[in-house]
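The values are calculated or read from the model by the stated rules, or taken from the named source; none is laboratory data. Bear in mind the structure is a predicted one, so any value in this text is a computation, not a measurement. For neighbour counting, all protein chains shown are included, and Cβ atoms are generated from backbone atoms with ideal geometry for every residue, glycine included. Surface accessibility is based on the protein's heavy atoms, side chains included, excluding ligands, DNA and RNA. Shrake-Rupley method; radii C 1.70, N 1.55, O 1.52, S 1.80 Å.
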Amino acid sequence: EWAIETTGSRLSPAALGQLRGHGVSRLHVGVQTLEDGVRARIGRRQKRAALLSRLEVALEMGFITSVDLVYGLPGETLAGFVDTVADLATCGVHGVSLYSLNRSSRNAAFLRKHEPLPDELQQFSFFQAGEQLLTGFGFAKNHCTHYARPPDENLYYRHLSRGEDLLGLGPTA
């Protein structure tokens, strides 16, 4: 199986066709949020509607498609996060990973620029809401923060149990 991690802005129909032609069957898309104002604040230029449209094209082309969401982003609201999760589940994605905004020295300038950020209790509320919504939409938790519907079995986390090798390429592989 070949998978690629990308952003929605890279999912043009032509690019999807090329990926399919090279044998890629799985997409991991860094959505982060569908709230347009928050997307702009974190440097994502593509609007919600365009991103959802590209995800729908990928799904129509038969890609197993999962998305990464980040909760606790500057300006993000619980209602907006809930809408994001519901919109993606309704769109038909196969998997959703929920990640808390990483707060470290590597992004300290960004964090200072966007204060105040949600506190730990608020972030816990985001995660709990996301988990409840996803399970309500038929997703099952199959890794620490990943929720999936068939056909997303999240194979790359379970390769050892199947006696398979895994080759990860990229800066965080």
Query raised in the report: What's the long-distance tail for segment 97-156, i.e. % of Cα pairs beyond 12 Å?
Result: 72
Report summary line: Using the Kirkwood radius over Cα pairs of the chain, the Stokes-Einstein translational diffusion coefficient at 25 °C and 0.890 mPa s, in µm²/s and rounded to a whole number, is 146
Query - Portion, in percent, of the accessible area of the chain that falls on carbon or sulfur, probe 1.4 Å - result: 54
Requested in this report: Any chance you could look up the accessible area of residue 152 with a 1.4 Å probe, heavy atoms only, rounded to 10 Å²?
Outcome: 10
Query raised in the report: What share of Cα pairs, in percent, lie more than 16 angstrom apart in segment 1-98?
Result: 51
Report summary line: Rounded to the nearest 5, the percent of antiparallel DSSP beta bridges in the chain equals 25
Query raised in the report: Just from its helices, what would the mean residue ellipticity at 222 nm be for the chain, if runs of 4 or more DSSP H residues each count -39500 (n - 2.57) and the sum is divided by every residue, rounded to the nearest 500 deg cm²/dmol?
Result: -11500 deg cm²/dmol
Requested in this report: Mind ranking 34-41, 115-122 by how tightly packed they are, going by the mean number of other C-beta atoms within 10 angstrom, highest first?
Outcome: 34-41, 115-122
Report task. Over the chain, average the accessible area per residue using a 1.4 Å probe and give it in Å², no decimals. Result -> 55
Requested in this report: Just read off the accessible area of residue 99 with the full protein assembly in place, 1.4 Å probe, to the nearest 10 Å².
Outcome: 80
